[in-house]
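In what follows, a structure is listed as structure tokens, so that the remarks can point back to it.
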Amino acid sequence: MPRFKLRTSPKELRFTGFLALCFLSLVLASFPAAAAEPKTVLELKQATDTYFKNKNWTPFAASIELLFYKENGAQSRCTGTLLFDPLRKKLLMDCMGESGLPVFIFKNDDLEFMLYVPGMNRAWFGNMYELEYSPDFDSHLKPLDLYRAASPEPFSEDQAISANGVGEGMEIEIAKPYQTIRYMARRIILNHHGQVEHETFLTPDGTATTVIVREKFKKMKNKFDGINTRFYYAPQTILTHPETEDRTVMNISNVTLHAGFPDEAWEMEIPESVPIDEIAPPAQV
């Protein structure tokens, strides 16, 4: 079998090598640098890191004043106390009217809530989030509003889908699943301390259902958290429903931090004569 020899001059070899180098440079230039992250990814990581670093997880107690404003001009007011454990998602709120009689008592334990309204001689029990779409609930008090007014709802990193700078703060868009889709369900704005000062809750079709504004945050020393030694809270929170223009204002004062609360602190007494309506999940569409 004949053998072939390639006879190439040094000059030809140098020219061939030059062409190969040019081709390789063009190929590499067509691919983005692996180490460079898009600006939006970096902004999102910075925003979520700021949020989780400054999120308040310490249980606290406070005095509250609630003001309710209806579209028709009706107003009502009550004052009471609030216990809240963010990590355990436990909340207990009671509010007394001008007469000194209780207007309502509201308890939440993770997803389950209990709302007792003595003036109506009724109580409701169910899943706080399913309640938002349930036709069986006819109380003017909305448990989800009370819970959201007390503290911003936490979210996981995989729920955050985008972030943009807003003034000195950062806007984060948060997604959640609904039936077979995943949609942008909430938009929050963090201030420069990493606290949620503005929230907008949205339906799958993009309609704003609830807008929450927290103003003039105050700072306290937190000896119960070894990592986050500062505790921030908003003295006033304003919750609005754009479609009806109904508003709820929560004023908070006398805030005290705690390592935790004993089980008996969460007890809620309802007279045996009071009917308790269990809210059924809404029908699947």
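A compact table of results
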{"quantity": "Selection count where residues are of a type in the set (Val, Ile, Thr) and either at pLDDT below 95 or in contact with a Cys (Cβ under 6 Å, 6 or more places away or on another chain) (or both), scope the range 211-239", "calculated": "2"}
{"quantity": "Residue, surrounded by the most Cβ atoms within 10 Å (Cβ to Cβ), within the range 226-270, restricted to residues that are more than 17 Å from residue 86 (Cα to Cα) and of a type in the set (A, V, I, L, M, F, W, C)", "calculated": "250"}
{"quantity": "Contacts under 6 angstrom Cβ, first residue in the range 106-129 being touching a residue at least 12 places away in the same chain (Cβ under 8 Å), partner of a type in the set (Asp, Glu) and surrounded by fewer than 16 Cβ atoms within 10 Å (Cβ to Cβ), 6 or more apart", "calculated": "124/277; 125/278; 126/278"}
{"quantity": "Residues within the range 157-201 that are among the aromatic types (Phe, Trp, Tyr) and under 11 Å from the mean Cα position of the chain (by Cα), tallied", "calculated": "1"}
{"quantity": "Tabulated pairs, the range 191-209, first within 13 Å of residue 170 (Cβ to Cβ), second part of a strand (DSSP E or B) and among the aromatic types (Phe, Trp, Tyr), C-beta under 7 angstrom, 6+ apart or interchain", "calculated": "193/232; 195/232"}
{"quantity": "Scan of the range 84-108 for residues that are among the aliphatic types (A, V, I, L, M), surrounded by fewer than 18 Cβ atoms within 10 Å (Cβ to Cβ) and over 16 Å from the mean Cα position of the chain (by Cα), ordered by number", "calculated": "96, 101"}
{"quantity": "Test: residue in the range 259-272 that is at pLDDT 95 or above, closer than 24 Å to residue 109 by Cα and assigned to a strand (DSSP E or B)", "calculated": "no"}
{"quantity": "Answer residue from the range 210-225, given it is closer than 22 Å to residue 169 by Cβ and not hydrophobic (A, V, I, L, M, F, W, C) and is surrounded by the most Cβ atoms within 10 Å (Cβ to Cβ) among those", "calculated": "214"}
{"quantity": "Given (1) on the phi > 0 side of the Ramachandran plot; (2) in contact with a Ser or Thr (Cβ under 9 Å, 6 or more places away or on another chain); (3) not β-branched (Val, Ile, Thr), index of the condition residue 167 fails", "calculated": "(2)"}
{"quantity": "Residue check, residue 91 modelled with pLDDT of 50 or more and not in a loop (DSSP other than H, G, I, E, B)", "calculated": "yes"}
{"quantity": "Condition check for residue 50: modelled with pLDDT of 90 or more, of a type outside the set (A, V, I, L, M) and crowded, with 16+ Cβ neighbours inside 10 Å", "calculated": "no"}
{"quantity": "Residue within the range 65-79 that is surrounded by 15 or more Cβ atoms within 10 Å (Cβ to Cβ), part of a strand (DSSP E or B), in contact with a helix residue (DSSP H, G or I) (Cβ under 9 Å, 6 or more places away or on another chain) and modelled with pLDDT of 50 or more present", "calculated": "yes"}
{"quantity": "Top-ranked residue in the range 122-144 [being small (Gly, Ala, Ser) and modelled with pLDDT of 65 or more; ranked as nearest to residue 270 (Cα to Cα)]", "calculated": "123"}
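Per-residue answers, yes or no, for (1) more than 23 Å from residue 268 (Cα to Cα); (2) among the polar types (S, T, N, Q); (3) in contact with a Leu (Cβ under 9 Å, 6 or more places away or on another chain):
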| site | (1), (2), (3) |
| --- | --- |
| 45 | yes, no, no |
| 53 | yes, no, no |
| 62 | no, no, yes |
| 74 | yes, no, no |
| 84 | no, no, yes |
| 96 | no, no, no |
| 99 | no, yes, no |
| 102 | no, no, no |
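The values are calculated or read from the model by the stated rules, or taken from the named source; none is laboratory data. These figures come from a predicted structure and were not determined experimentally. Methodologically, a virtual Cβ is constructed for each residue, glycine included, from the backbone with ideal geometry; neighbour enumeration extends over all protein chains shown.
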